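What follows is a short report on a single structure.
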Amino acid sequence: MKVTSSIIPHIVSIGLIAAGAIVCASTGKSLASDKDLRLPLNPFGINTSPYGEVIAMAMQGPMDDYWRNSVSSRVTNEPHPGSRTSFRDGTRMFIESLERASVDRTNPRPASEAQKRFLRRQIEDKLRFAYELDPGHYGNYASYHFFLTEPAVGTRRHLTIESVLLADRTINYCFSRSDDPRHALTAAAAAGNVLLLMFNETSEGRARFPIAKMKEYLAILDKSIARYESLSAGWEKTGNWSLLSDSRIIECRDRFSYILKTREVSVKTIRRIEAAQSASTSLTRNPSSLSS
């Protein structure tokens, strides 16, 4: 059989794909078995790609199921009501029951603390994976940050430095994107989280962050706000806002309003801390003023 010239490019493409699959399969096993490997792997360049963003959104539902099971010990093997339903509704209810059965607990005994911790660690790993896929997504960042900083639901100790590094990484990524104003909202949320962390530590007497550092993140917050306003105006002109659902648009507006309030409170808090430190320095230099 004679191979025509039009088929040759397809044969070459198939050969390259097969060669790539063989290389990936042969090297993937060695990478997975290397326990000392700490680099964030990015197979096929999915992380931070449009495909990664879609996969991260698709993961939100399964992660909700994991979270409900990690905090609840309810047994859900009760029968469905025997009311009359149409064939279509009955089929839908049957499919939904199968979906619930795949994630609901059937053990009559309450979940142990070790099991709950195991499930929370699973959801934490999935949150980190979703964040790696799309760091600019507000929900991905906020959920992962929450697990890193809230010992009551997370599985690790209070990680101050790691949460700051996460915020910095998120801010840098969001500032590298100029195609979507929502990334600027995520950057603003990250800057606000760092400011809140600094304020809390100062109020607890652990002032590890100087005022200059607070003002640095306040400037990042201002930059995020300006960036959102600029990109949002561009979306108004191109009609991109109309491509989103009403609920998404309202969500962005509410989030931006909250960020503006966060900025206002942050400015007042920094001024108050600065005034308190200035007064403390004055008393240290001139202790006689206490008796005057």
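The values are calculated or read from the model by the stated rules, or taken from the named source; none is laboratory data. Worth saying up front: this structure is predicted, and the values here are computed from it rather than measured. A quick note on method: Cβ atoms are made from the backbone with ideal geometry, for glycine too, and the neighbour counts reach across all protein chains shown.
Tabulated data
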| quantity | calculated |
| --- | --- |
| Residues of the range 197-207 that turn out to be on the phi < 0 side of the Ramachandran plot and without any contact (Cβ under 8 Å) to a residue 24 or more places away in the chain, as a count | 6 |
| Entirely in the range 92-189, the helices (runs of 4 or more DSSP H) that have 2 or more residues that are at pLDDT below 75 | 113-133 |
| Among (1) loosely packed, with under 15 Cβ neighbours inside 10 Å; (2) within 14 Å of GLN277 (Cβ to Cβ), the one test that PHE199 misses | (1) |
